[in-house]
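The values are calculated or read from the model by the stated rules, or taken from the named source; none is laboratory data. What you see is a predicted model, and the numbers here were worked out from it, not measured in a lab. All Cβ positions, even for glycine, are placed from backbone atoms using ideal geometry, and neighbour counts span all protein chains on display.
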Amino acid sequence: MEVLNSLAQGFSLALTMQNLMWCFVGVTLGTAVGVLPGIGPAVTVALLLPVTTKIDPSGALIMFAGIYYGAMYGGSTTSILLNTPGESATIVTAMEGNQMAKRGRAGAALGTSAIGSFFAGTLTVVALTFVSPLVVDIAIQFGPPEFFALMVLAFTTVSAVLGGSALRGLTALFIGLAIGLVGIDSQSGTARFAFDVPQLLDGIEVVTVAVGLFAVGETLWTASKDYKTVETMNAMRGSIWMTAQDWKRSWGPWLRGTAIGFPFGAMPAGGAEIPTFLSYAIEKKLTKHPEEFGQGAIEGVAGPEAANNASSTGTMTTLLALGLPTSATAAILLAAFQQYGLQPGPLLFVNSADLVWALIASMYIGNIMLLVLNLPLVGIWVKLLKIPKPMLYSGILIFATLGVFGMRQSAFDIFLLYAIGLLGFLMRRYDFPTAPVIIGMILGPLAEAQLRRSLSISQGDWLIFLQKPLSASLLAITAAMLIGPWAWKKLRQA
Amino acid sequence: MTTTTTPEATKHSGQVLLSVAVVLLGTALAYGTSQLPEASGYAKVGPRLMPSIVSGGLFVLGLLLLKESLTGGFHRVDEDEHAATPTNWPAFLWISAGLVLNGLLIVSAGFVIAGTLLFVLAARGFESRAYVRNAVVGVAIAGFTYAFFTYGLGLALPAGILPF
């Protein structure tokens, strides 16, 4: 089998001392930032982008991917032990897991989430191994119109479908698209919206935007608005080794969570929130212990935890095989590829097969490392939660300036960082989602290239998007998603 | 529950301002787009195409936001809830000062000094007044990352007035 050969080749690269070390650094950092509030995988990968000039691509990308899926493990620890979720994908875990911890079952909750994450992570990497070559086979035949339509669909799902308001989501997306326009147009060489500022001619760095929105905006918000929240930490009680009864109640939710999470992550539907909520709802329906839901039911931790890990692997599939990022972290991973002049998508499997398969193989290894890091060693991470808020957020700001300055050695970027932090604060205040900004700024220029290529082929005729069956159907789905909810409301009123 | 309800008329003024800002951003981008060179070639696709779509989009989205803010406020944004927790502006300013000073000093004074100052000011924003201790922690964090990046990875950060 060709896939197995490629995978074996990948393992031979991933198992070198150096790459094992990068994998370990990645999953360890990932767990740490997953545990810590105020800093997540998107910011961490963004902050580390400057190191891409010093590390070889396979090492750096193995580390970055490790941060991404490692954070999914770490986030659950915070959700279970504190009353605030560490990552947005672990909101559901916080509901049941926190209740379990209050009742002295923190150990079992951490156990089922770590083992469930491992289970889902490994199973979905197997799926990624076999699914992505199939996707590549199809996508390699895509032309610019198909890619453009696919990107429009992804833009819509990440901004308009998820979140509280389609209008605010789309506004966030368009702000991201506008940021992506700044700088020299790669196709014509025209400077756009740069005002002759040299730093703007080079474009705005994704580090600055991601760190400004997520880290600086979040810090300003927490200090000035959220200062009243007092967090109470649950004690680490109960054995982390689950009882036979716990195992019996966990494996079904793990399987179902995995089955829900992977396709959700892999479709350009974006985000890990929806599959975790879905998994929670399903487990609540199927359970034999409905009275425990809301009081700490183990199924309500096992299912969503498997789902969020599965969806992160699903997102990796779409990113690698189609070049389509459907979460903020995936968008920054895409930027990391671009640092090396690589473009994720079907051609990556052809041109950089070694790198892709080493990355996939490293995900098998990383999940094993994460199981060890998060089960026997969970005590270390619990200590991270004891860092006082002033120290934690001030420390994050030092790292923020490090990553932003390190990218271009320019003090201008620090001021830009602060300005984007103010934007992040405003967006938080008025409940605008921030992930669409990142996805818009990274995917925007790629979409623009596909759009202009399509129109060049058709000599300026926009009907090209409707003449190709695939792009026409993708655009039809997009239109249905945008207009559907609104039309439905009008119909019901009538 | 909430005792501090803002009067209806001014309740959504922040939202209105924000919506107007989005409209203005769209307008400014549209003006900038009109200054870009005309597309050449047969297909008429050039550097103006995408900016036109983006500026038009922002303009329309801004108008829709404005309409929402004037007719009952943004969907699912509770202004009364925000009014109930007043913003701690001093905290906001301490952190802002830390970042702006960092931008001013990072090259001249160096990464470690600018970083330590940022750390102390930001911690003050979080109500931590143990200045000496915070400075020590700040020096430790900034110094360690400086050493690691400069000597470990070969990614030089500004030394500033420090000799190493």
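A few remarks follow.
- The set of residues from segment A:398-425 being in contact (Cβ under 8 Å) with a residue 60 or more places away in the chain and among the aliphatic types (A, V, I, L, M) comprises A:Ala400, A:Leu402, A:Val404, A:Met407, A:Leu416, A:Leu417, A:Ala419, A:Ile420, A:Leu422, A:Leu423.
- In segment B:102-113, the residues that are more than 9 Å from every other protein chain (Cβ to nearest Cβ) reach residues that are surrounded by 20 or more Cβ atoms within 10 Å (Cβ to Cβ) and in a helix (DSSP H, G or I) with C-beta atoms within less than 6 angstrom, at least six apart or across chains, in these pairs: B:Val112/B:Ala142; B:Val112/B:Tyr146.
- With respect to being surrounded by fewer than 24 Cβ atoms within 10 Å (Cβ to Cβ) and touching a Phe, Trp or Tyr at 6+ places or on another chain (Cβ under 9 Å), A:Lys248 falls outside the description.
- Boolean, A:Gly75 is assigned to a helix (DSSP H, G or I), more than 30 Å from A:Leu482 (Cα to Cα) and within 19 Å of the chain's Cα centre (by Cα): yes
- So B:Ala130, is it at the interface with another protein chain (Cβ under 10 Å from one of its Cβ atoms) and modelled with pLDDT of 90 or more: yes
- Restricting segment A:441-494 to residues that are basic (Lys, Arg) and more than 21 Å from A:Leu181 (Cβ to Cβ) leaves a set whose member that is surrounded by the most Cβ atoms within 10 Å (Cβ to Cβ) is A:Lys468.
- Lone unmet requirement of (1) in a helix (DSSP H, G or I); (2) surrounded by 24 or more Cβ atoms within 10 Å (Cβ to Cβ) for A:Met427: (2)
- Of the helices (runs of 4 or more DSSP H) lying entirely inside segment A:352-420, those containing at least 2 residues that are over 21 Å from the mean Cα position of the chain (by Cα) and within 12 Å of chain B (Cβ to nearest Cβ) are A:389-408.
- Within segment B:4-43, if we keep just the residues that are modelled with pLDDT under 75 and facing chain A (nearest Cβ under 10 Å), the residue that is nearest to A:Ile175 (Cα to Cα) turns out to be B:Ala39.
- Condition check for A:Pro304: buried (at least 24 other Cβ atoms within 10 Å of the Cβ), in contact with a helix residue (DSSP H, G or I) (Cβ under 6 Å, 6 or more places away or on another chain), outside any helix (DSSP H, G or I) and not hydroxyl-bearing (Ser, Thr, Tyr): no
- Residues in segment A:181-190 include at least one that is modelled with pLDDT of 95 or more, touching a strand residue (DSSP E or B) at 6+ places or on another chain (Cβ under 9 Å) and either surrounded by fewer than 16 Cβ atoms within 10 Å (Cβ to Cβ) or assigned to a helix (DSSP H, G or I) (or both).
- Selection within segment A:485-494: residues that are over 27 Å from the mean Cα position of the chain (by Cα) and part of a helix (DSSP H, G or I). The member of this set that is nearest to A:Gly169 (Cα to Cα) is A:Trp486.
- Screening A:Ala194, A:Ala235, A:Ala223 for residues that are among the aliphatic types (A, V, I, L, M) and either assigned to a helix (DSSP H, G or I) or crowded, with 23+ Cβ neighbours inside 10 Å (or both) leaves exactly one candidate, A:Ala223.
- Residue check: A:Gly203 meets all listed conditions (1) within 12 Å of chain B (Cβ to nearest Cβ); (2) modelled with pLDDT of 90 or more; (3) not in a helix (DSSP H, G or I) but one, namely (1).
- Matching residues in segment B:49-80 - criterion: being touching a Ser or Thr at 6+ places or on another chain (Cβ under 7 Å) and more than 9 Å from chain A (Cβ to nearest Cβ): B:Ser52, B:Phe59, B:Leu66, B:Ser69, B:Glu79, B:Asp80
- Every residue from segment A:3-21 that is part of a helix (DSSP H, G or I), surrounded by fewer than 23 Cβ atoms within 10 Å (Cβ to Cβ) and touching a residue at least 40 places away in the same chain (Cβ under 8 Å): A:Val3, A:Ser6, A:Leu7, A:Gln9, A:Phe11, A:Leu13, A:Gln18, A:Asn19, A:Leu20
- Residue match in segment A:93-112 (condition: of a type outside the set (D, E, K, R), over 30 Å from B:Gly154 (Cα atoms) and either within 14 Å of another protein chain (Cβ to nearest Cβ) or in contact with a Pro (Cβ under 8 Å, 6 or more places away or on another chain) (or both)): yes
- When residues in segment B:64-75 are screened for being outside any helix (DSSP H, G or I) and surrounded by 21 or more Cβ atoms within 10 Å (Cβ to Cβ), 1 of them pass.
- Of the listed requirements (1) in contact with a strand residue (DSSP E or B) (Cβ under 7 Å, 6 or more places away or on another chain); (2) assigned to a helix (DSSP H, G or I); (3) free of Cβ contacts under 8 Å to residues at least 12 places away in the same chain, B:Pro51 misses just one: (3).
- Taken as a whole, the condition of being in a helix (DSSP H, G or I) and under 30 Å from B:Val120 (Cα atoms) does not apply to A:Met481.
- Number of residues in segment A:87-146 that are without any contact (Cβ under 8 Å) to a residue 24 or more places away in the chain and of a type in the set (Ser, Thr, Tyr) equals 0.
- Given (1) surrounded by fewer than 21 Cβ atoms within 10 Å (Cβ to Cβ); (2) on the phi < 0 side of the Ramachandran plot; (3) within 8 Å of chain A (Cβ to nearest Cβ), index of the condition B:Ala122 fails: (1)
- Flag if A:Ala149 is touching a Leu at 6+ places or on another chain (Cβ under 6 Å) and free of Cβ contacts under 8 Å to residues at least 60 places away in the same chain: no
- Hits in segment A:158-168 (condition: more than 10 Å from chain B (Cβ to nearest Cβ) and either surrounded by fewer than 19 Cβ atoms within 10 Å (Cβ to Cβ) or modelled with pLDDT of 90 or more (or both)): A:Val161, A:Leu162
- Residue within segment A:185-195 that is away from chain B (no Cβ under 12 Å) and closer than 19 Å to B:Leu58 by Cβ present: no
- Being without any contact (Cβ under 8 Å) to a residue 40 or more places away in the chain, more than 30 Å from A:Glu218 (Cα to Cα) and among the hydrophobic types (A, V, I, L, M, F, W, C) is true of A:Ile483.
- Residue satisfying all of: in segment B:133-151; modelled with pLDDT under 95 and over 14 Å from A:Phe399 (Cβ atoms); nearest to the other protein chains (Cβ to nearest Cβ) among these: B:Thr150
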